[in-house]
Each structure stands twice: as structure tokens, then as C-alpha cells.
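Shown next, in C-alpha cells, is the structure this report addresses.
The values are calculated or read from the model by the stated rules, or taken from the named source; none is laboratory data. Keep in mind it's a predicted model, so treat the numbers as computed, not measured. Cβ sites come from the backbone with ideal geometry, for glycine too, and all protein chains shown count toward neighbours.
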Amino acid sequence: MIRSFAEMEKQAVEAPSKRMAIAMAEESDVLKASMEAWESGIVEPVFVGDKEAIQQAAGDVNLDISNIEINQATGEKECASRAIELVRTGKADLVMKGRTATSTLMKAILDKENGVRGSGVLSHVSIISIKTYHKLLLMSDAALNIAPDLDTKASILRNTVDIARRIGIEKPKTAVIGAVEKVNTSMPDTIDAALLSKMAQRGQIKNCVVDGPFALDNAVSGKSCQVKGIESEVGGDADILLMPDIEAANVLYKAIAYLTDADIAGIIVGADVPIVLTSRADSDRIKFVSILAGVSVS
């Protein structure tokens, strides 16, 4: 079981390197992150974008990219399509978002003729390492599914459980998050949480323990559960936070990314290959650990 990004990096360094296509690579932080991963032997980056702009961005942060392949492409749409084409034709093992917008990259992934969408629901998984919690914490979905219904939440959960198992969490404990820890008929997300718990109990969602609804404090604090009289093997020890919607998840993601010194990675799963996806404004450190996550589950 991987308990930190340091352990994830050690594992990635020891494994064969992966080829990673970066869609619209002319951005300094994504270049710094990918070059750090290249120097560590984790990935072999393939930059997709305007060659002059990529070289200029690299020069601005004193990076030598003379040994890195650059695929010439102009504009977000062409860069995204070219990066996905490299994966589809076996010339890359995973894709990373550069300066291109998430919506543009997703259109290329989902293209019926030339995409790599896979057969199920695509979703975003964040992997969080924070000093105030005793292990890695996974969270979905901060970037893709806006207001998932019950069936979509079940699919998102299955995707996230799969990622948890790939990093060694055999039977991840999932807390389904709402505003309160009790079912309230005026709060549909609490009803979904109770239904997802029952679905897991009856084997409709496998290889995990699911409980909810939980307010966030109940999911990550044993003391909170004790004070509120909550008895649950998930409470205070969650491996996965299943968030109610994109707004709650995205606010939590960015609060962690910008207001703490935690490490947080972002990937899209459910496609034929992992997609390393962070906010364009995220730091090179966040982008580096996101590369680690993408490689670890590919």
C-alpha cells in the first residue's frame, strides 16, 4: 500500500518509464514538472504545441529541452487532438493537460472516431497527502461531472475504488459526503449517500466499504465521530471522499491546493489511458505529483 507521494515516486522511478504526451506544452510549470519527471526516469515527455512558444517558455525558466521530442501543433484544439492521436496510435502511454482548456481536451478524448474514451463514465480523482491526515486520501469529482445522479455517483465511486486498489488499498473505506451526517429528505445528496451505502452492502458496488452520509469532519476525524455518537468503520478513517457535486469538490480541491502546503494530484480515469489533469494555474509541484499519480495507475 502506497502511503505517500514519496513512496509513489520511489515505485515510479524503479518501474520502466512511460511516454507522456503533453497537450499544449507551452507553459512553464508543466514544463518544469515534466522535465523533473524525465530527469528522474519516470516519464519520457512528448511536447505537443507551438515549437517556438515551448522553447520560449522553457528558456524563461532555464530549462534545457533540447533532447525532448516536440510535435508541432497550433491552438488548443489541434494540440489536444494531436496528443490523443499519439496515445491512440501507441506512441504515448498517457496524456497530460498543458495550457489547453479541460473542455477542449475532453472533446478530443470523447471523439467517437479518434478518441480514447473507454466504455464507462469518465471521472476526476484527486489524491491528497496532507500532514493533518494519517494516509493518502482520494477525492472525486472536482473537475468533470457537474451534478451527478445516483447512477453516475456509483460509476464515479467504482472508478475511484479502482484507482485506490491500484495504489495498494485493497478494500478502500469510502465516505459519501454531504452537509450533515443524517439522512434528511430535504437534502437529496444525503439520500444518495444512504442508497450508495446499501448498494455496497449488497454487492452492487464491490471491493470497498461505503458509509454515509457524512459531513466532512465525520469522514476524517475520529474525535468528531465520538462527539456526535457515530459508530462506523469508515468514520475518521476514510480512504475515499465521494463529494456530492463538482462545486463542493472543486472548492475543497482548491482550498487544499492554495491554502495549505499539502500535495494534491489530479487525474481523469475511465478512459483507455490515464489523463493527468490539473488546473492551469496549479504549481509545478502539483503537476509533478499528478504525473506520479498518472504513471502509478497506468
Cβ-Cβ under 9 Å pairs, at least 6 apart or on other chains, region 81-103 side touching a residue at least 12 places away in the same chain (Cβ under 8 Å) and assigned to a helix (DSSP H, G or I), far side among the hydrophobic types (A, V, I, L, M, F, W, C) and surrounded by fewer than 20 Cβ atoms within 10 Å (Cβ to Cβ): ILE84/VAL116; VAL87/VAL116; ARG88/VAL116
Check on ALA194, closer than 20 Å to ASN159 by Cα, in the same structural domain as ASP141 (by TED's automatic domain parsing) and free of Cβ contacts under 8 Å to residues at least 24 places away in the same chain: yes
Every residue from region 4-41 that is outside any helix (DSSP H, G or I), among the aliphatic types (A, V, I, L, M) and closer than 20 Å to ILE84 by Cα: MET20, ALA21, ILE22, ALA23, MET24, ALA25
Residue identified as over 30 Å from SER40 (Cα atoms) and either at pLDDT below 95 or surrounded by 21 or more Cβ atoms within 10 Å (Cβ to Cβ) (or both) among ALA249, ALA281, ALA293: ALA249
Candidate set from region 33-44 (those that are more than 15 Å from ARG280 (Cβ to Cβ) and touching a Lys or Arg at 6+ places or on another chain (Cβ under 8 Å)); member that is surrounded by the fewest Cβ atoms within 10 Å (Cβ to Cβ): GLU44
Counted residues, region 89-147 - those being among the β-branched types (Val, Ile, Thr), closer than 27 Å to ALA257 by Cα and out of contact with any Ser or Thr (no Cβ under 8 Å at 6 or more places or on another chain): 9
2 or more residues among the charged types (D, E, K, R): qualifying helices (runs of 4 or more DSSP H) within region 207-263: 222-228, 246-259
Test: residue in region 137-149 that is under 22 Å from GLU9 (Cβ atoms), touching a helix residue (DSSP H, G or I) at 6+ places or on another chain (Cβ under 7 Å), in a loop (DSSP other than H, G, I, E, B) and of a type outside the set (A, V, I, L, M, F, W, C): no
Where ASN207 falls short, out of the listed (1) surrounded by fewer than 21 Cβ atoms within 10 Å (Cβ to Cβ); (2) under 30 Å from LEU86 (Cβ atoms); (3) assigned by TED's automatic domain parsing to the domain that holds LYS135: (2)
Only one of ASP141, ASP237, ASP162 that is in contact with a Pro (Cβ under 9 Å, 6 or more places away or on another chain) and surrounded by 14 or more Cβ atoms within 10 Å (Cβ to Cβ): ASP141
Matching residues, region 166-197, being in a loop (DSSP other than H, G, I, E, B), buried (at least 20 other Cβ atoms within 10 Å of the Cβ) and among the small types (Gly, Ala, Ser): GLY178
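Residue by residue, here is whether (1) under 26 Å from LEU144 (Cα atoms); (2) free of Cβ contacts under 8 Å to residues at least 40 places away in the same chain holds:
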position: ASP217; (1), (2): yes, yes
position: GLY229; (1), (2): no, yes
position: GLY235; (1), (2): no, no
position: LEU241; (1), (2): yes, no
position: PRO244; (1), (2): yes, no
position: ALA248; (1), (2): yes, no
position: LEU252; (1), (2): yes, no
position: ASP261; (1), (2): yes, no
position: ILE264; (1), (2): yes, no
